[in-house]
Amino acid sequence: MEYSIRELARLSGVTTRALRWYDQIGLLKPSRVAENGYRFYGTEEVDRLQDILYYRAMGVELAQIRQCLDHPAFDRLTALRGHLAKLEAEQARIEGLIASVKETIATIERKESMSDAQKFQAFKRRVVEANERDYGKELRETYGDDEVDAAHESILGLTREQYDTWQQLGRQIRQKLEQAVTEGLRPESDAGREVTQLHRRWLTITGNQYDEARHKGLAELYVADARFTAYYDAQVPGCARFLRDAVFYWAGK
């Protein structure tokens, strides 16, 4: 199947002007250009445009999208799984907000008061439920029910300040990983050490004792399980492997 630039614009909802710009910056080249200068796009280009639109919907800049799609380690299935993981996480967040709003409305209608602790507890409960739904089976098979249940209880026991720090650390880890991989740094570099330290803080924010073997085991799971890999590689391929290798090199040092 082949599409002219106007046909592809109608199909995708992307303007012909944008498609020409994508061609100019090397983001989406047509499969061929006719003698009259008309651009035509084939199946591969349609798939690439779909990938571009997924990344754009998540706020990724065009230059970074091009780096991701042209990266030697880019795998479309892994990227799509990463998109799905992010969307499901966002869905869980929205569902949590909806449930919290409904609970608040019901409380007001009953002329009752909801404490700040009750309001915050609903958010933490949604995090635990989403984690159990998405990764519970694999985590329980790897670490056992007692370990996973204890981790969930630790999350539910976080103070508001601890929870905010935990969330912020998670974002920092992703940002540092994407920067390191994009810049071509090695896990043995200072960037790898920093990521490992951040990940260690993220693991122990609940106050549990640090265990080097457990840290390495979790890092290995990020590479062994496609869904974990997809989560870390959603924006930049290779982040999960960088984290695993960095943890194996720097943990305990």
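For this structure, a couple of remarks:
- Dimensions (Å) - the chain, Cα atoms, principal axes, largest first: 69, 56, 29
- Solvent exposure of the stretch 1-145 amounts to 64 Å² per residue of accessible area, where only protein heavy atoms count and the probe is 1.4 Å.
- About its Cα centre, the dipole of the stretch 1-92 is roughly 240 debye, where the only charges are +1 on Lys and Arg Cβ and -1 on Asp and Glu Cβ.
- Solvent exposure ordering (accessible area, 1.4 Å, most first) of M1, M58: M1, M58
- Cα-centre dipole for the stretch 133-172 with unit charges at Cβ (Lys and Arg positive, Asp and Glu negative), debye to 20: 260
- Ordered by solvent-accessible area of protein heavy atoms (1.4 Å probe), largest first, the residues D190, D233 come out as D190, D233.
- Carbon plus sulfur fraction of accessible area for the chain, probe 1.4 Å, in percent: 50
- Listed by chain and number, the lysines whose alpha-carbon sits under 27 Å from that of K253, ignoring those within fewer than 8 places in the same chain, are K176, K216.
- Rounded to the nearest 20, the Cβ-based charge dipole of the chain about its Cα centre (Lys and Arg +1, Asp and Glu -1) stands at 720 debye.
- Those GluC sites (Glu not before Pro) in the stretch 163-253 that DSSP places in a loop and that have at most 13 other beta carbons within 10 Å: E183, E188
- For L19, net neighbour charge (Lys/Arg +1, Asp/Glu -1) across residues whose Cβ lies under 10 Å away: +2
- Close Lys pairs in the stretch 49-167, defined as Cα atoms under 20 Å apart and 8 or more places apart or on different chains, number 7.
- At R0 = 45 Å, FRET efficiency that the Cβ-Cβ distance of R17 and E88 yields, to 0.05: 0.85
- At least 30 Å along the helix axis (C-alpha) and Kyte average at least -0.5, DSSP helices within the chain: 76-109
- In nm, spacing of pseudo-spin labels at N208 and Q168 (7 Å Cα→C-beta vector): 2.3
The values are calculated or read from the model by the stated rules, or taken from the named source; none is laboratory data. Computed from a prediction, not measured in an experiment: that's the story for all the values here. In this analysis, Cβ positions are derived from the backbone assuming ideal geometry, glycine residues included, and neighbour counts consider all displayed protein chains. With ligands, DNA and RNA removed, areas are computed over all heavy atoms of the protein, side chains included. Shrake-Rupley method; radii C 1.70, N 1.55, O 1.52, S 1.80 Å.
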